[in-house]
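Written below as structure tokens is the structure these notes are about.
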């Protein structure tokens, strides 16, 4: 056999082995991506199912009306109110206003 054909056969065998590895790698990648996609679908629909079940079994509690505050709310002094108004004016470019403020 001439050296040319020997090298060609050797290179073809290497190329064939390379293509088998690429094909196997692509197959693994596709199977892995499909597995992740399936698991994500299970998580999404399982979460939706869980939310529906919890909303049917344990509905949201009704909020009790709050009692009126026994002590009147503390008023903000004029200097602090002026500072608040100026701060809001600067932050909003003159579009925002302070309607009321109280200490909590």
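The values are calculated or read from the model by the stated rules, or taken from the named source; none is laboratory data. Predicted model, so just to flag it, every value in this text is computed and none were measured.
Below are the figures for this structure:
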{"item": "Enumeration of residues in segment 53-82 that are within 14 Å of residue 100 (Cα to Cα) and modelled with pLDDT under 65", "result": "73"}
{"item": "Residues satisfying the stated conditions in segment 31-66, i.e. assigned to a helix (DSSP H, G or I) and over 25 Å from the mean Cα position of the chain (by Cα)", "result": "31, 56, 57"}
